[in-house]
Amino acid sequence: MKYTILGAGAMGSLFGGKLAAAGHDVELLDINEAHLEQIRQHGLRLETDAGNRVVYPAVALPADARQMPDWLIVFTKTMHTETALQAVEHLLGSKTCVLSLQNGLGNLERLQACVPLDRIAIGVTTVPADMKGPGHVASHGWGTSKCMAADVASSDAKARVQQLVDDFNAAELETTVSADVMSDIWRKVAFNAALNTICAVTGATVGMLGRVPSSRELVHRASGEVIQVAQKQSIGIDADGVHRDLDDAMDHHLHHQPSMLQDLLAGRATEIDAIAGAVVRDGERLGIGTPVLRVMHALVRQKESQAAVTPTTRTIANTNSSTTATAAPITTTTHH
Ligand code: NAD
């Protein structure tokens, strides 16, 4: 099969790298030229618990890509999806299918602007991945993915998704066909909208929130708002399961910094709009108040804008001296 990965950062490099290692024809597309050049010259280093290996997928800037894939897998951050898809319209042949396993809400709608429903698959993944540097991705620990054909009435679309899932599993990417993908997506949003936003605003790790009862309560309130908005739209969501997952994370993932906090610390834009913002907007439409998420959304936006508009000055002190440094502005590209 021909796979093209749009957005070859942490997740795109991992999925693309594993598919290439399994013998598929893979092309990685990204706007990070240093990453592409490193892969061109020295291959892509995949670091996993099973060890290190180097694979040699094709790489290109989106506008320069020529391979028309069977599947285009979108792994940009959500706020970059539209721009990224516009740059690869020439690759979307009449048979090309598109998959998104990105976090947040609205991924289906963003894909639908470019591709017919029966050629779209959406899902979620808990596979962890981090960029270690250009041409080097790491994934430690376990995770799994679920996806589903967006056109539930099309048996052809279902068969194509089953083929994709089989390819993923053969490439050591544990994946299942979801029975109810909207429920899976909202469940992950309920988790992320609570922990990612509150950690991003406070600078706390997940474990630090668990140590303060009022913070733990705030986490549950935030996810409760997502659950209410989902239930109002008849999206089945296991509320007890979400609250259990949150307690488990706060009790055990003591030092984990969610990606939204990492993004702010690195001066990058966050996925706040697809995570909390989208729930606030759905709540407004449905007449459901989301006071905690509304505040978290506004505060994360504020933190993004401070870094982007008014570079903050912070003092770096060591035992002998202190110097001042200017925080990097948020840019529209995301590089680890
Ligand atoms: P990332 O920032 O590492 O990678 C995104 C890549 O997209 C970057 O390399 C960036 O240069 C590229 N990009 C930006 N604009 C582009 C454009 N116009 N055209 C082509 N490429 C462009 O992000 P990530 O961690 O890989 O996350 C991707 C998605 O997967 C997000 O929605 C994230 O929430 C989700 N996710 C991540 C993880 C994880 O552990 N990293 C786990 C589950 C889900």
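The values are calculated or read from the model by the stated rules, or taken from the named source; none is laboratory data. Source: prediction; values computed, not measured. In this analysis, Cβ positions are derived from the backbone assuming ideal geometry, glycine residues included, and neighbour counts consider all displayed protein chains.
The table for this structure:
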| read-out | value |
| --- | --- |
| Among (1) away from the ligand (no atom under 16 Å from the Cβ); (2) farther than 20 Å from residue 50 by Cα - the single one residue 171 does not satisfy | (2) |
| Residue tally, condition at pLDDT below 95 and away from the ligand (no atom under 11 Å from the Cβ), over the range 266-285 | 1 |
| Within the range 11-40, considering residues that are part of a strand (DSSP E or B) and surrounded by fewer than 23 Cβ atoms within 10 Å (Cβ to Cβ), the one nearest to the ligand (Cβ to nearest atom) | 27 |
| Qualifying position, being without any contact (Cβ under 8 Å) to a residue 40 or more places away in the chain, out of contact with any Ser or Thr (no Cβ under 7 Å at 6 or more places or on another chain) and within 18 Å of residue 187 (Cα to Cα), among 277, 287 | 277 |
| Residues that are surrounded by fewer than 22 Cβ atoms within 10 Å (Cβ to Cβ) and within 19 Å of residue 297 (Cβ to Cβ), drawn from the range 234-246 | none |
| Test set (1) within 30 Å of residue 1 (Cβ to Cβ); (2) assigned to a helix (DSSP H, G or I) - residue 173 fails condition number | (2) |
| Residues that are farther than 19 Å from residue 11 by Cβ and hydrophobic (A, V, I, L, M, F, W, C), drawn from the range 265-293 | 265, 276, 278, 279, 280, 286, 288, 292, 293 |
| Any hit, the range 139-159, residues being closer than 30 Å to residue 266 by Cβ, away from the ligand (no atom under 16 Å from the Cβ) and part of a loop (DSSP other than H, G, I, E, B) | no |
| Residue 211 vs. criteria more than 16 Å from the ligand (Cβ to nearest atom), over 29 Å from residue 280 (Cα atoms) and basic (Lys, Arg) | no |
| Odd one out for residue 55 among (1) surrounded by fewer than 17 Cβ atoms within 10 Å (Cβ to Cβ); (2) closer than 26 Å to residue 172 by Cα | (1) |
| Close pairs (7 angstrom Cβ cut-off, 6 or more residues apart or separate chains): outside any strand (DSSP E or B) in the range 74-98, of a type in the set (Asp, Glu) and near the ligand (Cβ under 8 Å from one of its atoms) anywhere | 77/271; 78/271; 79/271 |
